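Notes for the one structure printed next.
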Amino acid sequence: MRITVTGAGLAGLTLAGALLDRGVPPGAVTMRERRGGPVEAAGAETFLGVPPGLLDAVGGRSRYPSATRYLDRAPAIDGIAVITPDGDRPPTRPTPGWRFITHREIVRALEADIADAAVPVRYGVDGPPDDEERRTEDWIVGADGVHSAVRGTVEPDACAMPVGQRAAFGSLPPRAVDLDVESGVLTFVQGAENSALGILRTGDADLVFARYSATASSVSGLGFPVVPGALAAYDRLLTEGRTIDLFEAPWGRWRSGSVVLTGDAAHGKSPAYGRGAVDAVDDARILAPALLDGADAVDGALAEILRRERAVRAASRR
Ligand SMILES: Cc1cc2nc3c(=O)[nH]c(=O)nc-3n(C[C@H](O)[C@H](O)[C@H](O)COP(=O)(O)OP(=O)(O)OC[C@H]3O[C@@H](n4cnc5c(N)ncnc54)[C@H](O)[C@@H]3O)c2cc1C
């Protein structure tokens with residue numbers, strides 16, 4: 001069995017581990033990654049809220065000791081609170097064991113664990129697999145994110161679609177944001193057009209993000225029920241922090257012959273669902289055994305992933 005995984009992100013790295021756990025030898029899995037080398041740890045990146053045991057289904061601490069250590073140390077989310085457009089504050093939902101992680105640091109830790117397991121990673125390789133790989137590999141997995149290049153070999157002409165929103169995120173000094181929020185409670189402030197401000201206040205920092213209309217240059221006109229001073233802090237984030245335009249994956253086929261899509265490459269969705277990382281890891285749990293059992297099993301796995309996706313999207317956005 002030979003498997004090439006394009007994309008050393010959450011989906012690709014957890015799939016590699018899940019394959020090793022099912023007895024696939026490390027040399028039988030090759031990872032191709034566009035980045036020139038392993039991701040660096042320092043610096044703020046996209047924040048993700050994740051439940052406890054994120055990696056349990058794909059080997060947990062024994063497969064991913066560095067990533068589990070990172071999860072253990074990441075700021076705790078003790079609860080999730082929402083401030084509605086009317087300024088109401090429904091009861092906080094407790095979230096025992098949840099963590100607020102950065103995309104960059106969890107990927108760095110997963111990468112270290114996969115390197116320790118001796119899975120070869122070819123860095124600086126961009127784009128879909130070449131003809132030689134298509135001839136020699138039993139499976140080619142596209143785990144290359146929402147802007148997947150591998151998708152073109154499954155669904156030619158299918159491109160990621162803009163959500164019409166942008167996200168800004170960053171780390172501000174403690175209490176830089178003039179908001180009355182409880183420390184350790186991930187708080188969302190809802191605005192117009194599905195826009196949201198988010199904050200997790202820790203002892204060390206206000207970890208903040210905003211999701212807002214891609215045509216807006218300020219959050220001030222978006223009807224957030226908070227004091228102007230707080231909006232000014234978020235507006236500084238929009239101009240000085242890191243911002244990204246948000247995209248969703250087009251829905252279509254997720255397999256063509258020996259090429260299979262997983263993670264955001266298959267079902268990347270708006271961060272409003274707060275689920276993409278969790279689902280990328282869950283894909284690995286479902287897909288890894290199926291890859292060893294052949295095309296029918298893979299189609300069954302993709303059908304299960306599709307069922308989960310439909311259920312997630314039917315549930316309300318936060
Ligand atoms: C603002 C924001 C907030 C979010 N919040 C949450 C949250 O709270 N909870 C949650 O669960 N999820 C959240 N998500 C979603 C989560 O980050 C993604 O769903 C998850 O990272 C998807 O993992 P992936 O491995 O499929 O893709 P990625 O993590 O994007 O990894 C893809 C990898 O493929 C590589 N690559 C790309 N193109 C190529 C190519 N052509 N050739 C080779 N390699 C390539 C990339 O360099 C990258 O390493 C959020 C996302 C955003 C943007």
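Computed from the coordinates by the stated procedures, all read-outs in this text should not be read as laboratory data. Since the model is a prediction, treat every value here as computed from it, not as a measurement. Neighbour counts are summed over all protein chains in view; Cβ atoms, including those assigned to glycine, are modelled from backbone coordinates with ideal geometry.
Pop out the ³J(HN,Hα) list for the range 214-226 in order, Karplus 6.51 cos²θ - 1.76 cosθ + 1.60 with θ = phi - 60°, rounded to Hz; leave Gly and Pro as x.
5, 8, 8, 9, 8, 8, 5, x, 9, x, 6, x, 9
May I ask you to evaluate 6.51 cos²θ - 1.76 cosθ + 1.60, the Karplus curve with θ = phi - 60°, for each residue of the range 279-293 and list the ³J(HN,Hα) values in order in whole Hz, giving x for glycine and proline?
In residue order, the calculated couplings are 6, 4, 5, 5, 4, 4, 4, 7, 7, 4, x, 5, 4, 7, 9 Hz.
Given just the C-alpha atoms of the range 65-198, how large is their convex hull per residue in cubic angstrom?
181 Å³
Along the range 53-65, what does the Karplus equation 6.51 cos²θ - 1.76 cosθ + 1.60 (θ = phi - 60°) give for ³J(HN,Hα), rounded to whole Hz, x for Gly and Pro?
x, 3, 9, 4, 6, 10, x, x, 4, 6, 8, 10, x
Just need log10 I(q)/I(0) for the range 15-136 at q = 0.17 Å⁻¹, Debye formula, equal scatterers on the alpha-carbon atoms, no solvent, rounded to two decimals.
After summing over all Cα pairs, the log10 values are -0.94.
What area, in nm² and to one decimal, does the C-alpha convex hull of the range 248-318 cast on average over all directions?
4.4 nm²
Ratio of alpha-carbon Rg to the 2.2 N^0.38 Å globular estimate for the chain, to two decimals, please.
For the chain, the normalised Cα radius of gyration is 1.01.
At 4 °C and a viscosity of 1.567 mPa s, what translational diffusion coefficient does Stokes-Einstein give for the range 141-185, taking Rh as the Kirkwood radius over Cα pairs? Give it in µm²/s as a whole number.
It comes out at roughly 88 µm²/s.
Please state, as a whole number in µm²/s, the translational diffusion coefficient that the Stokes-Einstein equation yields for the range 18-75 at 4 °C and 1.567 mPa s, with Rh defined as the Kirkwood radius across alpha carbon pairs.
The estimated diffusion coefficient comes to 94 µm²/s.
Picking from ALA168, ALA284, ALA233, which is most flexible by a Gaussian network model of the chain using Cα springs under 10 Å?
Highest fluctuation of the listed residues: ALA233.
Counting other beta carbons within 10 Å of each residue's own, what order do LEU292, LEU20 fall into, fewest first?
LEU292, LEU20
Counting other C-beta atoms within 10 Å, which of ASP264, ASP56 has the fewest, and how do the rest follow?
ASP56, ASP264
For the range 180-271, compute Rh as the Kirkwood radius over C-alpha pairs and then the Stokes-Einstein diffusion coefficient at 4 °C and 1.567 mPa s; write the answer in µm²/s, rounded to an integer.
Reported coefficient: 84 µm²/s.
Write down the percent of antiparallel bridges among all DSSP beta bridges whose residues are both part of the chain, to the nearest 5.
65 percent
Listing VAL189, VAL50 from the residue with the fewest other Cβ atoms within 10 Å to the one with the most, what is the order?
Fewest-to-most Cβ neighbours within 10 Å comes out as VAL50, VAL189.
Of all alpha-carbon pairs in the range 242-284, indicate the percentage at a distance above 17 angstrom.
37 percent
Quick check for me: using +1 on Lys/Arg Cβ and -1 on Asp/Glu Cβ, what's the dipole size of the chain about its Cα centre, in debye to the nearest 20?
Magnitude of the dipole: close to 340 debye.
Roughly how many nanometres apart are two label points built 7 Å out from the Cα toward the Cβ at ARG89 and ASP299?
The modelled label-to-label distance comes out at 5.4 nm.
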